[in-house]
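Read through the structure below, which is laid out as structure tokens, and then see the notes.
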Amino acid sequence: MAREIERKFLLEGDGWRPHAHSARRLEQFYLFAGDDRSCRVRITDGASAKLTIKMGRGLSRGEFEYDIPLDDAEILRQSALGRIVEKTRHLVPNGRHTIEIDVYEGALAGLVVAEIELADEDESFERPEFLGAEITGDARYLNQTLALRDHGGPAETL
């Protein structure tokens with residue numbers, strides 16, 4: 001099983017924007033979700049799709065990810081639980097790592113979250129000034145929670 005090790009942060013300001021070198025529009029939704037597992041579909045730029053199964057909690061989780069036909073993803077969207085999470089993902093180089101910055105749209109507009117994937121839980125990385133409070137492990141900021149939370153209000157109500 002592949003492992004995903006990532007740390008998440010809120011952002012302070014827009015100091016990251018001049019460093020962003022690409023952006024992709026993402027739509028994702030969940031087919032099933034539990035306390036320590038989920039199955040999601042992600043459509044990228046309306047052109048490709050992946051099915052991802054995640055297991056576990058916290059900093060390091062099991063992850064299986066597979067390309068699926070876009071037509072299948074669009075059919076599966078009809079079975080989505082909760083809301084479809086819409087966001088634009090910006091990539092910001094940071095030393096030997098890349099920081100992924102998600103700018104949420106729609107019902108979650110106003111929320112901006114940064115993620116950095118690591119090879120090891122104890123791996124160090126350069127921490128730029130625009131990274132604010134660490135939210136790794138805070139269930140309120142899991143995409144699963146954002147999709148399934150029972151309200152339609154803006155992100156600032158988190």
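The values are calculated or read from the model by the stated rules, or taken from the named source; none is laboratory data. What you are looking at is a predicted structure, and each value in this text was computed from that prediction instead of being measured. Don't worry about glycine lacking a Cβ; one is built from the backbone with ideal geometry, like all the others, and counts go over all protein chains shown.
Quick check on E74: is it touching a Ser or Thr at 6+ places or on another chain (Cβ under 9 Å) and surrounded by 13 or more Cβ atoms within 10 Å (Cβ to Cβ)?
So E74 does not fit the description; no.
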Open item on the list: Regarding the stretch 30-51, can at least one residue be identified that is under 21 Å from E105 (Cα atoms) and either of a type in the set (F, W, Y) or touching a Cys at 6+ places or on another chain (Cβ under 8 Å) (or both)?
Closed with: yes
TODO: Go through the stretch 1-41 and give me each residue that's in contact with a helix residue (DSSP H, G or I) (Cβ under 8 Å, 6 or more places away or on another chain) and among the aromatic types (F, W, Y).
DONE: F29, Y30
- [ ] Could you tell me which of the residues A107, A119, A73, A80 is touching a Gly at 6+ places or on another chain (Cβ under 9 Å) and aliphatic (A, V, I, L, M)?
- [x] A107
Task: Residue check for F130: within 17 Å of E4 (Cα to Cα) and of a type in the set (F, W, Y) - done: no
- [ ] Identify the residue in the stretch 130-158 that is among the acidic types (D, E) and out of contact with any Gly (no Cβ under 6 Å at 6 or more places or on another chain) and, among all such residues, is modelled with the lowest pLDDT.
- [x] D150
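Listed here are the residues, each with its yes/no results for (1) closer than 25 Å to A2 by Cβ; (2) among the basic types (K, R).
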residue: L51; (1), (2): yes, no
residue: D71; (1), (2): no, no
residue: Q78; (1), (2): no, no
residue: R89; (1), (2): yes, yes
residue: V92; (1), (2): yes, no
residue: F125; (1), (2): yes, no
residue: Y141; (1), (2): yes, no
residue: Q144; (1), (2): yes, no
- [ ] Identify the residue in the stretch 7-35 that is in a strand (DSSP E or B) and touching a His at 6+ places or on another chain (Cβ under 8 Å) and, among all such residues, is farthest from D72 (Cα to Cα).
- [x] S22
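Give the residue, chosen from E74, E86, E65, that is over 19 Å from the mean Cα position of the chain (by Cα) and charged (D, E, K, R).
E74
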- [ ] Taking the residues in the stretch 88-144 that are free of Cβ contacts under 8 Å to residues at least 24 places away in the same chain and assigned to a helix (DSSP H, G or I) as candidates, determine which candidate is surrounded by the most Cβ atoms within 10 Å (Cβ to Cβ).
- [x] G106
